[in-house]
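The values are calculated or read from the model by the stated rules, or taken from the named source; none is laboratory data. Predicted model, so just to flag it, every value in this text is computed and none were measured. Every residue, glycine among them, receives a Cβ derived from its backbone with ideal geometry; neighbour counts consider all protein chains shown.
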Amino acid sequence: MIAKNKGCLCENLATVWLQEQGYYVFKGSQTQSPIDLIAVDPKTLEHKFFDVKMLGKRKDGSIIARSPRIKDKRIHILSVDLINKKCRIVPKRKATWS
């Protein structure tokens, strides 16, 4: 599969997953944007910004850590496992930037 297609598939799986969680989901219209998806809670209108990343693993099976395209504490990483078709929001690590 072509890398660009993997990215599109990851974003689409993430969109469906967030919708299943009850969010309204808005996709970015630019290809290299630091924010891929915006999820809005329909009851509270709270929003979350997501940078969608495909889950990467090393040969030994350990997971490769991903960071957002820009360093901003408001942007969350949404990791997509293409093999198992599963998504998860990656817990925030202690940021070294402000």
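Here are a few things to note about the model shown:
- Any chance LYS53 is in contact with a Lys or Arg (Cβ under 7 Å, 6 or more places away or on another chain) and among the basic types (Lys, Arg): yes
- Residue check for HIS76: of a type outside the set (A, V, I, L, M, F, W, C), at pLDDT below 95, over 14 Å from CYS10 (Cβ atoms) and touching a strand residue (DSSP E or B) at 6+ places or on another chain (Cβ under 7 Å): yes
- Selection within the stretch 19-45 - outside any loop (DSSP other than H, G, I, E, B) and either of a type in the set (S, T, N, Q) or free of Cβ contacts under 8 Å to residues at least 24 places away in the same chain (or both): GLN19, GLU20, TYR24, VAL25, PHE26, LYS27, ILE38, ALA39, VAL40
- Among residues of the stretch 47-67, those that are among the basic types (Lys, Arg) and in contact with a strand residue (DSSP E or B) (Cβ under 8 Å, 6 or more places away or on another chain), counted: 4
- Residue in the stretch 49-64 that is assigned to a strand (DSSP E or B), in contact with a Phe, Trp or Tyr (Cβ under 8 Å, 6 or more places away or on another chain) and crowded, with 17+ Cβ neighbours inside 10 Å present: no
- When the stretch 76-88 is limited to residues that are free of Cβ contacts under 8 Å to residues at least 40 places away in the same chain and of a type in the set (A, V, I, L, M, F, W, C), the one that is nearest to ILE64 (Cα to Cα) turns out to be ILE77.
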